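In what follows, a single structure is set out as structure tokens and then discussed.
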Amino acid sequence: MNIVTAASLNVASASEPAQDLWQQSLRDAIRSPEELCDILQLPAEYCAAAKRASTQFNLFVPREYLAKIPPGQPEHPLLKQVLPLAEEELTVAGFSRDPVGDREALITSGLLQKYASRALLVVTGVCAVHCRYCFRRYYPYDSVPKGEENWKPVLEKIAEDPTIDEVILSGGDPWMLVDSRLQSLTDQIAQIPHVRRLRIHTRLPVMIPSRVTDTLLRSLTGTRLTPFVVVHINHPLEIDTQVVVALNKLIDSGAVVLNQAVLLRGVNDSVDTLESLCRDLVNLRVTPYYIHQLDRVEGSGHFEVSDTCAMEIISELRSRLPGYAVPRLVRERPGGANKEVLA
Ligand SMILES: *Cc1c(COP(=O)(O)O)cnc(C)c1O
Ligand code: SF4
């Protein structure tokens, strides 16, 4: 490992070993609405809308993910998650730029502490995909500490608070950091005696499954901390052979793997779709943890599902599936002591 050279970089660097295919995937990812529309043979009006809507929050999607979407299907549930639509430009009452009160919960640069015993570190602003519904599209990521030395105050805060027994690495996507950076961060966290668990919130195993390398796994399971990984899969069609391989590697490494999904109109707001997602997950040893009601962030109004409808879907799921296969329906709320559990 080259702890020194890559330590101050936030994302993939050329100094990582050549076998890191995932970094090549990031470089090759689609950033241009024209190219996406061309590959998927979408009608011209979608391309024009995507060009306009992507000026607000740009398009970014790895080719691995795009490969799961057949051409000529503008309404495909995977495409809807990544294609900027004209609807994003609509102003919807109640939708704002900081819907979950994250700015208030910011203890110090990079550290969010909203809930008892858990500290969440925003370790990077970047992701392997730009999900159109994401509440972090307006997050002030400029304030994320960059170099290793800038994380000192955050680690000191955690060290000073013996009530914290779990550290969550989030972002952005924490697995966008290079392995050496992750390793040194987890080593430092493991040195704080009262911290017992390390949790990673990531979409990379689904977006770029080759990200799950042996070196990455070492940073996850190589300390005394009990490792949890919360992946983010919204639709059963996101799970292909490569994703299965990545999930298996994570679980075989000893991590507890959970899934969180976001309930999205036109993507997964159907009992059959979610039933099939939850079945696939438990068959893979992944426990469905949360299904989130949408955070009401500007530009995402068209994805919202009403609470009544959401609760009906969960109740129907409960009648079809084993208890452990039904995720809790939750919502983030500013100032609450926990996520609000709706069902
Ligand atoms: C969601 C969240 C957590 C984790 O909550 P769990 O209910 O333990 O999954 C921690 N911190 C913040 C800021 C969160 O938004
Ligand atoms: S991967 Fe997660 S943080 Fe990144 S854009 Fe998607 S939902 Fe947002």
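The values are calculated or read from the model by the stated rules, or taken from the named source; none is laboratory data. Note that the structure is predicted; figures quoted are calculated from it, not measured. Methodologically, a virtual Cβ is constructed for each residue, glycine included, from the backbone with ideal geometry; neighbour enumeration extends over all protein chains shown.
Descriptive notes on the structure:
- Matching entry among A105, A128 (being surrounded by fewer than 16 Cβ atoms within 10 Å (Cβ to Cβ) and either more than 15 Å from ligand 2 (Cβ to nearest atom) or modelled with pLDDT of 90 or more (or both)): A105
- Just one of (1) modelled with pLDDT under 95; (2) within 29 Å of L274 (Cα to Cα); (3) in the same structural domain as P334 (by TED's automatic domain parsing) fails for Y133. It is (1).
- Among the residues of the stretch 184-225, those that are of a type in the set (S, T, Y), within 20 Å of the chain's Cα centre (by Cα) and not in a helix (DSSP H, G or I) comprise T202, T213.
- If the condition is being surrounded by 14 or more Cβ atoms within 10 Å (Cβ to Cβ), basic (K, R) and under 23 Å from Q242 (Cα atoms), then the stretch 43-93 contributes K68, K80.
- Wholly enclosed strands (runs of 3 or more DSSP E) of the stretch 96-183 bearing at least 1 residues more than 30 Å from K51 (Cβ to Cβ), small (G, A, S) and over 18 Å from the mean Cα position of the chain (by Cα): none
- Only one entry in V144, V82 is in the same structural domain as R333 (by TED's automatic domain parsing), under 29 Å from R27 (Cβ atoms) and within 16 Å of ligand 2 (Cβ to nearest atom), namely V144.
- Among residues that are surrounded by fewer than 17 Cβ atoms within 10 Å (Cβ to Cβ) and either more than 22 Å from P153 (Cα to Cα) or within 16 Å of ligand 1 (Cβ to nearest atom) (or both), D214 is included.
- Close contacts from the stretch 56-77, counting a first residue that is on the phi > 0 side of the Ramachandran plot and a second that is among the polar types (S, T, N, Q), with Cβ to Cβ under 9 Å and a gap of 6+ residues or different chains, come to G72/Q41.
- Filtered by the rule that a residue be away from ligand 2 (no atom under 16 Å from the Cβ), free of Cβ contacts under 8 Å to residues at least 40 places away in the same chain and part of a helix (DSSP H, G or I), the stretch 243-292 gives V245, N248, K249, I251, D252, D272, N283.
- Number of residues in the stretch 293-309 that are within 14 Å of ligand 2 (Cβ to nearest atom) and in contact with a Pro (Cβ under 6 Å, 6 or more places away or on another chain): the value is 2.
- Residue pairs meeting the criteria (Cβ under 7 Å; at least 6 apart or on separate chains; first without any contact (Cβ under 8 Å) to a residue 40 or more places away in the chain and assigned by TED's automatic domain parsing to the domain that holds S306, in the stretch 320-343; second of a type in the set (S, T, N, Q) and within 16 Å of ligand 2 (Cβ to nearest atom)): R331/Q293
- Members of the stretch 108-125 found to be surrounded by fewer than 19 Cβ atoms within 10 Å (Cβ to Cβ) and within 16 Å of ligand 2 (Cβ to nearest atom), listed by number: G125
- Taking the criterion of being of a type in the set (A, V, I, L, M, F, W, C) and within 16 Å of ligand 2 (Cβ to nearest atom), the residues of the stretch 148-179 that qualify are I168, L169, W175, M176, L177.
Matching residues to (1) of a type in the set (D, E, K, R); (2) more than 21 Å from R203 (Cβ to Cβ):
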| residue | (1), (2) |
| --- | --- |
| I30 | no, no |
| E34 | yes, yes |
| D38 | yes, yes |
| A49 | no, yes |
| E64 | yes, no |
| I69 | no, no |
| G72 | no, yes |
| A93 | no, yes |
